[in-house]
Structures are given as structure tokens and as C-alpha cells.
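The values are calculated or read from the model by the stated rules, or taken from the named source; none is laboratory data. Worth saying up front: this structure is predicted, and the values here are computed from it rather than measured. These accessible areas exclude ligands, DNA and RNA; they are computed on the full protein's heavy atoms, side chains included. Shrake-Rupley method; radii C 1.70, N 1.55, O 1.52, S 1.80 Å.
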Amino acid sequence: MMQDVLEANEPIAQPGLIQRISTSISRLYQHYLDKWTPHTASRWAFTLALIFGFMVRIMLRQGWYIVCYALGIYHLNLFLAFLTPKIDPAFSHDDADDGPGLPTKANEEFRPFMRRLPEFKFWYSVTKSTLVAFFCTFFQVFNVPVFWPILVMYFITLFCITMKRQIKHMIKYKYLPFSLGKPRYQTQENSSKPPAH
């Protein structure tokens, strides 16, 4: 009993300086990431400019082709996950409803396309990986000598084969992962308002 009283009177240990600094940095980082989330066009413009800068660095420095190839393969893998539905109709043979999925019959109810890799996570992974690859180009240890035209041809071949397989999958299961050209329906209150002049 006396020990419980002594333990209750002990002061609660405060987190250390390093832990407080890392917590405040991670909160600030998450704050700016949350603020940038709805700005899709500007996020992708930044990432494309970053990729362009990386490619210019690779061309001007004439090296780090392995890093560039690895980045391209990783981006291709992310892109395929972005194009693939969350619940793949090829593997969902059971009739149990695990949530929203793609309609498989013409008279079935419309269900929105849910990606295996959401757009924000796709952008975030592409941006982080490009920054890591850019960082690797500052170290000579990653500059492995290689005949780069072979890597380019291999990447083009791999891209064509995987995209052909993905397009066949889209045609077979009748889904389109983009909303371009799809009809947009207005709500009842929006359609009943007279046009403003």
C-alpha cells in the first residue's frame, strides 16, 4: 500500500527533447500534406516537374542509368496498381458481397470504380520515390556502368507487355479506371434551379 502511494506521487516523465522535435516536425509535415491533398493538378504538376528535373540530371551527367531504370520499373508497378480495381473480378469467384465492386452484368447496379492504389497514395509514392532516386544521383556508388540502350529497350518491352495485359483485363471485365467521358448526373435540386444570368 505504501508503495502505491509513493508511485502515485512520482512525477510523470515528460518526453525528451528529440521526441518532442520529431513529433512537431511530423505534425507540421502532415499538416502541409493535408493542405495539399485537394489540389490534384498542382500536386501532379510538381511531381512531373520533379521527374523532368531528374531526367535532365540523368542526361546531363551521363550516368545513374540503373537508378533511372529502377525508378521507371517502380513507377510502372505503381501505375498498374492505380489502374487495377481494389477487388479484382478475376479472383472474386464467390458470391459473398465483400463491399463495392464492379458490375458484371448489364442490368446490375452501378458501383463506382475503387482502385487498389488510390490517387493520393499513387502521387505520394511517385513523389517520394523520385526524390529518393534524385538523392541517389549525388553518390557515385549508385553509378553502375551499364549499356543504357539495352535498359531502355527492356523497359519499353516490359511496359508494352504489362499494359497489353492490363488493357485485355479491362476489356474482359468491362471497366474503365478513368472518369473521362462518363456521364455525370445532377442532383434533383441542381437541375430544378433556373439558369443564372
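Figures for the structure shown
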item	result
Positions within the stretch 59-75 being in a helix (DSSP H, G or I) and open to solvent by 60 Å² or more (accessible area, probe 1.4 Å), in sequence order	Met59, Leu60, Arg61, Ile66, Tyr74
From the options Phe91, Phe46, residue that is of a type in the set (Phe, Trp, Tyr) and modelled with pLDDT of 90 or more	Phe46
Test: residue in the stretch 72-88 that is modelled with pLDDT of 95 or more and of a type in the set (Val, Ile, Thr)	yes
Selection within the stretch 154-179 - outside any helix (DSSP H, G or I) and either open to solvent by 90 Å² or more (accessible area, probe 1.4 Å) or charged (D, E, K, R) (or both)	Lys174
